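The values are calculated or read from the model by the stated rules, or taken from the named source; none is laboratory data. Just so we're clear, the structure is a prediction, and the values are computed from it rather than from any experiment. Ideal geometry is used to build each Cβ from the backbone, glycine not excepted, and the neighbour counts take in all protein chains shown.
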Amino acid sequence: MMSSKDSEFQTINDLIDIANGFTRAKSLHVAAELDIASHLKEGRKSAFDIAKTIGCNGEFLYRLMRALTTMSIFHEEEEYGYFTQTEHSKLLLNENVRNIILLKCNFDHYRGWENFLDTVKTGSAQPYASLGIQGDYWDYMREKPEEGLRFRKGMSGYTNYVNQRVVATGDFKGFDTVCDIGGSQGVFIQEILRQNPTIKTGINFDLPYVCEKNKLLERQNIDPRFKEVEGSFFEAVPPANLYTIKRVLHDWNDEHSKKILTSIHKAMLPGGKVYIFDAVLDTINKNCYNIVAWMDLSMMQLVSGKERSEREWEALVSSVGFKIEKVIKTQDPMLPPITIITKI
């Protein structure tokens, strides 16, 4: 039986382990940036040989890979310096997963947390004030186009990873025109069209500069029903029978979210619906907190947004003339539930 002193030491170790989270995340980031996993595709290989290939210090790369084995990323063989893949490291070969990690762990993302203490104390987030940039993460991306590209790749990476399963949870039958609000590179609406041949038109709606960047994408096999419309969802959106809005409203506070929903309310065709793909905080069964509560802090710090409970969703949508028809919950924490709303 563990003594009270041993228990205290274990608790201290747990806290130190949490404090080391930055080191772990940054090590994962470097592994993804160097694309180390791709050098183990054919089997076991020496860290020192990999270092020669990619132009790194052999000893330091070995020590990085050794540390990552403690998180099940790479497996160290008995022969000194040799490593093989694990299930975790194999996922780093997936471009979508890699883009998510490169977004979440990059330097620019970390800098946005420098003044988190001020955010908690004042109730107002200025994530990049220390860099002389006023405003939130969106303003920062406008100042740093390379971060904007990394964001779009990361978000498309997430969408590509969960796309098929997310779309399969919704019913898209009976809708002629479906508009994805804030659809970035258009990955989500294209998957909706792929799974639903009866839809006549699928619209990817986003800001003009996003749509302009999308013209540079090497898109293949574009559905002829797909089209892109540019604009601001704070001002107006295209008419449609169904609007999908995935991982967007949690980026905004209630005031801004009301403006987005008001634009949709004005443009929606008779009998239309909105599918909101966003987390729903369950304040009774708190298992979701492991992911959603931490996501909520990211929204709070970087974009002044928030995750919402079902009661908060109800208050938000009813304030602009909508009501919740149904919430379709999923068992997979990677898949957001669908909150279906209609006009009151």
Can you spot a residue in the stretch 308-321 that is within 16 Å of the chain's Cα centre (by Cα) and either at negative phi or not in a strand (DSSP E or B) (or both)?
no
Pairs, first more than 14 Å from ALA37 (Cβ to Cβ) in the stretch 90-109, second modelled with pLDDT under 90 and surrounded by fewer than 17 Cβ atoms within 10 Å (Cβ to Cβ), C-beta under 7 Å, six or more apart:
ASP108/LYS144
Which fully enclosed helices (runs of 4 or more DSSP H) of the stretch 69-129 have 1 or more residues being aromatic (Phe, Trp, Tyr), out of contact with any helix residue (DSSP H, G or I) (no Cβ under 8 Å at 6 or more places or on another chain) and at pLDDT below 95?
107-111
Is it fair to say LEU64 is over 30 Å from MET299 (Cα atoms), in contact with a helix residue (DSSP H, G or I) (Cβ under 7 Å, 6 or more places away or on another chain) and surrounded by 13 or more Cβ atoms within 10 Å (Cβ to Cβ)?
yes
When you scan the stretch 1-58 for helices (runs of 4 or more DSSP H) that lie fully inside it, which ones turn up with 3 or more residues that are surrounded by 12 or more Cβ atoms within 10 Å (Cβ to Cβ)?
21-34, 47-54
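Yes/no matrix, rows are residues, columns are (1) in contact (Cβ under 8 Å) with a residue 24 or more places away in the chain; (2) polar (S, T, N, Q); (3) exposed (fewer than 13 other Cβ atoms within 10 Å of the Cβ); (4) more than 20 Å from THR169 (Cβ to Cβ):
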position	(1), (2), (3), (4)
LYS258	yes, no, no, yes
ALA267	yes, no, no, yes
PRO270	no, no, yes, yes
ASP282	yes, no, no, no
CYS288	yes, no, no, no
SER304	yes, yes, no, yes
SER318	yes, yes, no, yes
When you check THR169 against the structure, is it closer than 23 Å to VAL210 by Cα and touching a strand residue (DSSP E or B) at 6+ places or on another chain (Cβ under 8 Å), yes or no?
no
Please list, ordered by residue number, the strands (runs of 3 or more DSSP E) wholly in the stretch 159-231 having 3 or more residues that are touching a residue at least 60 places away in the same chain (Cβ under 8 Å).
177-181
What are the residues in the stretch 229-252 that are closer than 20 Å to MET155 by Cα and crowded, with 16+ Cβ neighbours inside 10 Å, if any?
PHE233, TYR243, THR244, ILE245, LYS246, ARG247, VAL248, LEU249, HIS250, ASP251, TRP252
Only one of MET334, MET300 is touching a residue at least 60 places away in the same chain (Cβ under 8 Å) and within 22 Å of VAL167 (Cα to Cα); which?
MET334
Within the stretch 271-294, is even one residue over 17 Å from HIS250 (Cβ atoms), outside any strand (DSSP E or B) and either in contact with a strand residue (DSSP E or B) (Cβ under 9 Å, 6 or more places away or on another chain) or of a type in the set (Phe, Trp, Tyr) (or both)?
no
Is it true that some residue in the stretch 325-344 is in a helix (DSSP H, G or I), surrounded by 13 or more Cβ atoms within 10 Å (Cβ to Cβ) and aliphatic (A, V, I, L, M)?
no
